[in-house]
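A short write-up of the structure that comes next.
The values are calculated or read from the model by the stated rules, or taken from the named source; none is laboratory data. On a predicted model such as this, the values are computed, not experimentally measured, just so you know. We place every Cβ from the backbone using ideal geometry, glycine too, and count neighbours over all the protein chains shown.
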Amino acid sequence: MKIEELHTKKLKAFRQAFRWHYNNCNYYRRYCDQVGIKPDDIKGYEDLVKIPLIPSDAFREFKILSVPEKNIVLTLTSSTTTSKEPCKFPLDEVSLRRMMISNAVDHREVGELSGGSIFMLTPDPEKSKIGLVTGFYRMIRIMGFGDQDVYFLGEGNDFGKLVKNLTSEDVKRPRHLYGPTFVYPHLLDYFEKNNIRPRLDEESRVMMGGGWKGREGKISKADLYRRLSTAFGIEKSQIRDTYGITDIQVGMIECEYHKTHVPPWIHLSARDPQDLNREVGEGEEGILACMSSLIQSYPAFTLPGDIGVVWEEECDCGRIGQIVEHRGRVRAAGARGCALRLEDFVKSIG
Amino acid sequence: MKSFEIPLIINGKIYRGKEQTLLYRLDKEEIKLLMPQITEKEIEVLRKGQSSIHNTSVEDIIRFYEKVGRLWTDKNYALRERALRLARLTTGYHEAMLERSYDIISNEILSREFMEGILESNFLDKRVVDAWLELKDTKLSAKPRGRILHILAGNAPPVSIVSMLYGSLTKNVNILKFSSGDPITPLFFVLSFRDVDRNHPITRTTSVVYWRHDSSVERKTLEIVDGVCVWGGYESISAFRKKTKPGQILLEYGPRKSFQFIGREIYNEDHLLKLTAENAAHDLVLYDQQACHSPQVAFVEEPAEKFCEALAEALKIESKKIPKGYVSTDEHATISHQRLMATFRGDKVYHPGTTEWTIILTKKFEHTLNHPLSRTLFVIEVKDLRDALRYVDPSVMVVAFSSKSRMDELKDEVTLRGADRVTLVGRMGYFPTGSPHEGRYDLSNLVRWVSRDLTKGELKIRELLNKLPKYRVRWVRVG
């Protein structure tokens, strides 16, 4: 697909989504009217920047719905350290299905994740309501991974059991790993301490998410990838970071060239911190505005408080479109990454 | 990256080194401040030093500080020039704000009038710090506690000097631990002591130090001090509550907020509305709203929109007189986020197109709780200012009124609810001599009150003297 074609399809999708939410969400319509933007104002791709964005705190304070409340089947929340109340994102069946399928497609097509078994370096989702855990679990079930194919680290368990399962002959190949970024250094330390080198498979993927900040400080990506490659005997192209945005129900995965591709149903833009209605130049760092055309239960046009860089290119992997580099959180917005809450659990094991 | 070296001071002696670093980032510019590491060895030097300056008279202390003040009134004074250059980088404040702060320190705070004023308002009779004064059936004197550790904050430069004066005027020895937010003001003022008198007891006993939180050096210092003045946020104050020991005085200067109460009398005449708005704007811009006396919320009798429009015009002008200091990307983003949030709530937002200042006209007090500061004023319309009284509690330091009559009308209600001070809009950042601070007169807490009983004989003589007719008695020498 050429970039112009992508722009045309995106424009169509977001015009439709904006009109839907303008017509069906009272809070959002009032907000749009206050700022003076209507669906007809979105004429070209360059007008996507005009779509009014909802600050994340609004999802804490208001029940923002574009469908009847009785249609809501699941409400996902984002963790927060700045408020007792989390932000709530209500999903109806249509939105939930679209979310899970789209994330599954992305992980299969870009992440090249398929088949085998998955070792989640997290508690069982029955015990953890964190989006990073439950969202990923739901997605891999849609991808066809059965209960018997998914292993959890579990609270009270230790890395020893993980290694035992990982190296067992009975476990389906290829074996994939997934977990919060900060768990991996602990796992690698365990391997080194116990002189273990579990070899993974050619098609294995080692995936991580939740940001690059651990309790000891920022983790070096290059350093971690090198250690993982050595420990598991895999290529660095098999290691994939993911960037999840709970506000718009997306989990984006790196390609083999370690670029995070923005799926075509998502639109990101980096905004000027002094005026969030204005985009910074391509490739410049700004506050990320995140929009999804798939969610129909609430207007998924938000400012989650992330900082990053967005640009368009034809990647070496052959994919075209937006690429995002997440660079952290706006500090006053508080740490909202799911991963940090898991760290206390992980400290008790390993 | 630019690097600057600053010394530390122990009992007047200058220590140099580069073992400790403070890092500042202004946009893409990084600044490193290098200073020596204070170790337990230096704390031992502190401990062995003089533990009070009780032999120095208050008059001598005042004269000393007056001379320091005079040095700093000279804008070309080398230390002042250097302090301004560095403080701009470390505080982020605009040069105009810092010049203003240093003018206030040199012309007002270090003036005889101010210092005598503090003493008289705290002790009624300032001679009690030097001598024994008769009170009822006793003679009373105020003795220094000894060594006072000042944990300084970085949000308002004059505060470091006021804290230091509290210690000196009560003849205590000062150990000033500066904040990373403003290392320069206290350090450079103390450095200037040497230009006044190298051998003065104040020069020889004042220390300016820095260490990381919870270090062993902090613990050792706490063992040798007799009192601690803590300026800062909840975390800092809570921490020092746990660290100080019984018998050690702890004076807390914690985080507070302030309000403006604007009455409808300002709408009677255009010039009154304009003047009130100008005064309100001035209160808002001082220290970029970082000070305890900075207004965060204005309660305005309807129609509040009229006030907001006038305030917006006034802020356009006031921002040019005292420009805003450095604003980080995070702060810009937080202000912008709050504006969007306010809009989503249906509030009315006024701003100049940049993040220079913001007025948010909102209906709910709850909307003000996630305050971005940085020259943001929430305005809540009320039918009557009495409707705003329920929001005043002990977290409120200053309530400023739009007129004297409204101030006198509500001063009891406001102060009974916890506010420490009532004043007029435009005066929030100016504490008149004689004002208490945090609801206290703290010089009284920085001394030990000691008494010497009057003897029976003395009491008898006094009794007899009181019975004498009230005419002048002239003592005549016989023989």
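Output the number of the condition that B:L275 fails; it satisfies all remaining conditions of (1) outside any helix (DSSP H, G or I); (2) more than 25 Å from the chain's Cα centre (by Cα).
Exception for B:L275: condition (1).
Which of (1) at pLDDT 95 or above; (2) surrounded by fewer than 17 Cβ atoms within 10 Å (Cβ to Cβ); (3) aliphatic (A, V, I, L, M) does B:L149 not meet, given it meets every other one?
It is condition (2) that B:L149 fails.
Take segment B:343-352 and flag every residue that is more than 13 Å from chain A (Cβ to nearest Cβ) and among the hydrophobic types (A, V, I, L, M, F, W, C).
Just the residues of segment B:343-352 that are more than 13 Å from chain A (Cβ to nearest Cβ), to begin with: B:350.
Of everything in segment B:343-352, nothing turns out to be more than 13 Å from chain A (Cβ to nearest Cβ) and among the hydrophobic types (A, V, I, L, M, F, W, C).
Out of everything in segment A:150-176 that is part of a strand (DSSP E or B) and at pLDDT 90 or above, what residue ends up being surrounded by the fewest Cβ atoms within 10 Å (Cβ to Cβ)?
As a first pass, look at segment A:150-176 and keep what is part of a strand (DSSP E or B): A:150-152, A:175-176.
Remaining after also requiring at pLDDT 90 or above: A:150-151, A:175-176.
Values: A:V150: 18, A:Y151: 21, A:R175: 25, A:H176: 27.
Here the residue is A:V150.
So which residues in segment A:244-279 are over 21 Å from A:I320 (Cα atoms), within 14 Å of chain B (Cβ to nearest Cβ) and touching a strand residue (DSSP E or B) at 6+ places or on another chain (Cβ under 7 Å), if there are any at all?
Passing the criteria: A:D247, A:R271, A:D272, A:P273, A:L276, A:R278.
From the list A:R227, A:R199, which residue is within 20 Å of A:Y178 (Cβ to Cβ), basic (K, R), assigned to a loop (DSSP other than H, G, I, E, B) and touching a helix residue (DSSP H, G or I) at 6+ places or on another chain (Cβ under 9 Å)? Show your work before the answer.
On the way: A:R227 fails: assigned to a loop (DSSP other than H, G, I, E, B).
Every option except A:R199 fails the conditions.
Quick check on segment B:13-24: of everything there that is out of contact with any Pro (no Cβ under 9 Å at 6 or more places or on another chain) and surrounded by 12 or more Cβ atoms within 10 Å (Cβ to Cβ), which residue is modelled with the highest pLDDT?
We begin by selecting, within segment B:13-24, every residue out of contact with any Pro (no Cβ under 9 Å at 6 or more places or on another chain); these are B:13, B:21, B:23-24.
Subset that is surrounded by 12 or more Cβ atoms within 10 Å (Cβ to Cβ): B:13, B:24.
On the way: B:K13: 96, B:Y24: 91.
Ranking the candidates gives B:K13 first.
So which of B:S216, B:S294, B:S207 is in the same structural domain as B:K320 (by TED's automatic domain parsing) and either on the phi > 0 side of the Ramachandran plot or among the hydroxyl-bearing types (S, T, Y) (or both)? Lay out the reasoning, then the answer.
Details: B:S216 fails: in the same structural domain as B:K320 (by TED's automatic domain parsing); B:S207 fails: in the same structural domain as B:K320 (by TED's automatic domain parsing).
The unique qualifying residue is B:S294.
Just one of A:F89, A:F14 is within 16 Å of the chain's Cα centre (by Cα), away from chain B (no Cβ under 14 Å) and under 19 Å from A:I266 (Cβ atoms); which is it? Can you show your working first?
On the way: A:F14 fails: within 16 Å of the chain's Cα centre (by Cα).
Among A:F89, A:F14, only A:F89 is within 16 Å of the chain's Cα centre (by Cα), away from chain B (no Cβ under 14 Å) and under 19 Å from A:I266 (Cβ atoms).
Output the residue which, of all residues in segment B:317-333 that are away from every other protein chain (no Cβ under 14 Å) and more than 24 Å from the chain's Cα centre (by Cα), is nearest to B:L89 (Cα to Cα).
The residue in question is B:K320.
Pull out all pairs, ordered by first then second residue, where Cβ-Cβ is under 7 Å, the residues are six or more apart or on different chains, the first lies in segment A:243-266 and is over 20 Å from A:A17 (Cβ atoms), and the second is aromatic (F, W, Y) and not in a loop (DSSP other than H, G, I, E, B).
A:T260/A:Y243
If you check B:T355 against the conditions, is it free of Cβ contacts under 8 Å to residues at least 24 places away in the same chain and within 14 Å of chain A (Cβ to nearest Cβ)? Outline the logic, then answer.
On the way: free of Cβ contacts under 8 Å to residues at least 24 places away in the same chain: no; within 14 Å of chain A (Cβ to nearest Cβ): yes.
No: the conditions fail for B:T355.
Just checking: which of the strands (runs of 3 or more DSSP E) contained wholly in segment A:296-337 hold 1 or more residues that are at pLDDT 95 or above and away from chain B (no Cβ under 14 Å)? If you could, list the steps in order and put the result at the bottom.
Details: elements: A:301-303, A:306-314, A:320-329.
Hits in segment A:296-337: A:306-314, A:320-329.
Against the definition (in a strand (DSSP E or B), modelled with pLDDT under 95 and not aliphatic (A, V, I, L, M)), how does A:T81 come out, yes or no?
no
Of these, B:I335, B:I322, B:I360, which one is free of Cβ contacts under 8 Å to residues at least 40 places away in the same chain and either surrounded by 18 or more Cβ atoms within 10 Å (Cβ to Cβ) or more than 24 Å from B:V392 (Cβ to Cβ) (or both)? Please lay out each step first, then the result.
Values: B:I335 fails: free of Cβ contacts under 8 Å to residues at least 40 places away in the same chain; B:I322 fails: free of Cβ contacts under 8 Å to residues at least 40 places away in the same chain.
From the options B:I335, B:I322, B:I360, the qualifying one is B:I360.
Return only the number of the condition from (1) more than 8 Å from every other protein chain (Cβ to nearest Cβ); (2) at pLDDT 95 or above; (3) over 26 Å from the mean Cα position of the chain (by Cα) that B:E366 does not satisfy.
(2)
Give segment A:17-67 a look and list any residue that's closer than 18 Å to A:S297 by Cβ, in a helix (DSSP H, G or I), more than 14 Å from chain B (Cβ to nearest Cβ) and not small (G, A, S), or say none.
Selection gives A:F18, A:R19, A:W20, A:Y22, A:N23, A:N24.
Can you tell me which residue among A:S102, A:S114 is assigned by TED's automatic domain parsing to the domain that holds A:L166 and more than 15 Å from A:I248 (Cβ to Cβ)?
On the way: A:S102 fails: more than 15 Å from A:I248 (Cβ to Cβ).
It is A:S114.
Can you work out which of the residues in segment A:251-268 that are more than 14 Å from A:V310 (Cα to Cα) and of a type in the set (A, V, I, L, M, F, W, C) is surrounded by the most Cβ atoms within 10 Å (Cβ to Cβ)?
Only one residue fits best here, namely A:I253.
Quick one: what pairs do we get from segment A:3-25, first residue farther than 16 Å from A:G36 by Cα and at pLDDT 95 or above, second in a helix (DSSP H, G or I) and of a type in the set (A, V, I, L, M), C-beta under 6 Å, 6+ apart or different chains?
Between residues of segment A:3-25 that are farther than 16 Å from A:G36 by Cα and at pLDDT 95 or above and residues that are in a helix (DSSP H, G or I) and of a type in the set (A, V, I, L, M), the close pairs are A:F14/A:L48.
Just to be sure, is B:L410 modelled with pLDDT of 95 or more, within 14 Å of chain A (Cβ to nearest Cβ), over 23 Å from B:Y253 (Cα atoms) and not in a loop (DSSP other than H, G, I, E, B)? Step through it out loud before you land on a result.
Details: modelled with pLDDT of 95 or more: yes; within 14 Å of chain A (Cβ to nearest Cβ): no; over 23 Å from B:Y253 (Cα atoms): yes; not in a loop (DSSP other than H, G, I, E, B): yes.
The answer is no for B:L410.
Scan segment B:346-359 residue by residue and report those that are outside any strand (DSSP E or B) and touching a Lys or Arg at 6+ places or on another chain (Cβ under 8 Å).
First, pick out the residues of segment B:346-359 that are outside any strand (DSSP E or B): B:346-347, B:351-357.
Result: B:G346, B:D347, B:H351, B:P352, B:E356, B:W357.
Quick one: count up the residues across segment B:74-132 that are polar (S, T, N, Q) and either without any contact (Cβ under 8 Å) to a residue 40 or more places away in the chain or more than 19 Å from B:I322 (Cα to Cα) (or both).
Step one: filter segment B:74-132 for residues polar (S, T, N, Q), giving B:76, B:90-91, B:101, B:106-107, B:111, B:121-122.
Right, trim to either without any contact (Cβ under 8 Å) to a residue 40 or more places away in the chain or more than 19 Å from B:I322 (Cα to Cα) (or both) and you get B:76, B:106-107, B:111, B:121-122.
Of the residues in that region, 6 qualify.
Of all residues in segment A:247-297, which are among the hydroxyl-bearing types (S, T, Y) and either in contact with an Asp or Glu (Cβ under 9 Å, 6 or more places away or on another chain) or outside the structural domain of A:L65 (by TED's automatic domain parsing) (or both)?
Filtering segment A:247-297 for residues among the hydroxyl-bearing types (S, T, Y) gives A:257, A:260, A:269, A:292-293, A:297.
Across segment A:247-297, the qualifying residues are A:Y257, A:T260, A:S269, A:S292, A:S297.
Is it the case that B:P255 is more than 21 Å from the chain's Cα centre (by Cα), at pLDDT below 95 and not in a strand (DSSP E or B)?
Details: more than 21 Å from the chain's Cα centre (by Cα): no; at pLDDT below 95: yes; not in a strand (DSSP E or B): yes.
It is false that B:P255 is more than 21 Å from the chain's Cα centre (by Cα), at pLDDT below 95 and not in a strand (DSSP E or B).
Got a number for residues in segment B:370-395 being surrounded by 22 or more Cβ atoms within 10 Å (Cβ to Cβ), away from chain A (no Cβ under 14 Å) and charged (D, E, K, R)?
So the answer is 0.
Within segment A:210-221, is there a residue that is at pLDDT below 95, of a type outside the set (D, E, K, R), part of a strand (DSSP E or B) and surrounded by fewer than 21 Cβ atoms within 10 Å (Cβ to Cβ)? Full working, then the answer.
Of all residues in segment A:210-221, those at pLDDT below 95 come to A:210-221.
If we keep only those that are of a type outside the set (D, E, K, R) too, we end up with A:210-212, A:214, A:217, A:219-220.
Then drop every residue that is not part of a strand (DSSP E or B), which leaves A:214, A:217.
Applying the additional criterion that residues be surrounded by fewer than 21 Cβ atoms within 10 Å (Cβ to Cβ) yields A:214, A:217.
Yes, segment A:210-221 contains a residue that is at pLDDT below 95, of a type outside the set (D, E, K, R), part of a strand (DSSP E or B) and surrounded by fewer than 21 Cβ atoms within 10 Å (Cβ to Cβ).
Among the residues of segment A:58-73, are any touching a residue at least 12 places away in the same chain (Cβ under 8 Å), surrounded by 13 or more Cβ atoms within 10 Å (Cβ to Cβ) and within 19 Å of the chain's Cα centre (by Cα)?
Yes, some residue in segment A:58-73 is touching a residue at least 12 places away in the same chain (Cβ under 8 Å), surrounded by 13 or more Cβ atoms within 10 Å (Cβ to Cβ) and within 19 Å of the chain's Cα centre (by Cα).
Just checking, how many residues over segment B:38-69 are surrounded by fewer than 17 Cβ atoms within 10 Å (Cβ to Cβ) and closer than 24 Å to B:Y210 by Cα?
Residues that pass the stated criteria total 8.
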